[in-house]
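Data block below; observations after.
The values are calculated or read from the model by the stated rules, or taken from the named source; none is laboratory data. No experiment lies behind these values; they were computed from the predicted model shown. Cβ sites come from the backbone with ideal geometry, for glycine too, and all protein chains shown count toward neighbours. In case anyone asks, the SASA skips ligands and DNA or RNA and just uses the protein heavy atoms, side chains included. Shrake-Rupley method; radii C 1.70, N 1.55, O 1.52, S 1.80 Å.
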Amino acid sequence: MFFAPYVIRGSNAEKVLVQILPASPEDLAATKGTPSWQTDWESEYLSQPSVDKFALKLENGELLALGAYQISGRKAYVYILYVESAPQSNPTLTTSARREYYGIGEVMIAFGIKYSIDAGCRGDVVVFDAKTDELARHYAKDFGAKLIPTAASGGPKRFILADEDAWKLFSKYLDEEDA
C-alpha cells in the first residue's frame, strides 16, 4: 500500500505536511509515556489480527495520532474502530486555545476512505462512531455523515460516510498530481 502525504493545519493556521504509515510497536509504546494517551493501543481489542493500526506523523517522525481500521462485511465497508490525537492536540485533554494541531480527525477519516479504496471496498463507505454529541454534530454538519442505527442502544452514535460526501472529504486531501 502507498501512503501519500496529507495536509493538516497547525494552531497558527499554517499547513503542515504529514504522512500516514502502519503503526510500529514503538508508536504504540509511545502512547504510554507522559503525557499519556486515553487509549491502550496494545489492548486485546485493538490487537486483533483483523485490525490495522496506522500512525499520523510529521515529516520529522513526531507522532500526532493513531487510527484503527477494520474491513467489515465481505469487503463491503471499512469500520474505523478508533482514532485518537496525541495529548497536545486532543480536544478532550486540552483546551482548543492550546491545541497544537487541528483537523487530525478529518485526516484520519479521509485516510479511512483511502484504506477502503486500497482494500477493494470501493472507498465510498466508511463507518465510525462519535464519542460525544459535539462530534456527532460535527460529523453530520461538516462531513455530511449520516446517522445509522446501531445494534446496542445507549452506545455511541454511529455514522456512515458514503458516495458524494465521502469523495468530497477524500478529494480535499488529494495532491494535485494524484488527482
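Out of all DSSP beta bridges with both ends in the chain, state the antiparallel percent to the nearest 5.
So the antiparallel bridges amount to about 90 percent of the total.
Using 0.36 nm times the number of residues separating LYS32 and ARG9, minus their current alpha carbon distance, what extension gain do you get?
Result for the pair: 5.7 nm of gain on full extension.
Here are some values of Rg and Dmax of the Cα atoms in Å: (1) 15.5, 45; (2) 15.7, 55; (3) 17.3, 49. Which one was computed from this structure?
Recomputing Rg and Dmax of the Cα atoms in Å here gives the entry labelled (1).
Looking at the chain as a GNM with Cα springs under 10 Å, which of GLN48, GLN70, GLN38 has the largest mean-square fluctuation?
GLN48
Given a 1.4 Å probe, how much area per residue of segment 36-88 is accessible, in Å²?
Value for segment 36-88: 47 Å² per residue.
Describe numerically, in nm with one decimal, the distance between label points set 7 Å from Cα along Cα→Cβ at ARG74 and at GLN88.
4.7 nm
Given the DSSP H assignment, sum -39500 (n - 2.57) over each helix run of at least 4 residues in the chain and divide by its residue total; what's the result at 222 nm in deg cm²/dmol, nearest 500?
The helix contribution divided over the chain gives -5500 deg cm²/dmol.
Would you calculate the separation in nanometres between label points at ILE117 and GLU59, each defined as 7 Å from the Cα along the Cα-to-beta-carbon direction?
If labels sit at ILE117 and GLU59, their model points lie 2.3 nm apart.
Looking only at THR150, THR39, THR31, which one moves most when the chain is put into a Gaussian network model with springs between Cα atoms under 10 Å?
THR150
Please name whichever of THR34, LEU17, LEU58 sits farthest to the positive end of the charge dipole of the chain, dipole taken about the Cα centre and charges placed at Cβ: Lys and Arg +1, Asp and Glu -1.
Comparing the listed Cα positions along the dipole, THR34 ranks first.
On a 28 Å Cα-Cα criterion, which of the cross-link pairs LYS32/LYS53; LYS15/LYS157; LYS32/LYS168; LYS53/LYS75; LYS114/LYS157 come out too long?
Result: LYS15/LYS157; LYS32/LYS168 exceed 28 Å.
Taking only C-alpha pairs under 8 Å that are 6+ residues apart, what is the relative contact order of segment 51-145 in percent?
Relative contact order of segment 51-145: 22 percent.
Taking all protein chains as present, what is the carbon and sulfur share of the accessible area of the chain, in % to the nearest whole number, probe 1.4 Å?
Here carbon and sulfur together make up 52 percent of the probe-accessible area.
Comparing LEU28, LEU64, LEU161, which has the greatest mean-square fluctuation in the GNM of the chain with Cα pairs linked when under 10 Å apart?
Among LEU28, LEU64, LEU161, the largest mean-square fluctuation in the Gaussian network model of the chain belongs to LEU28.
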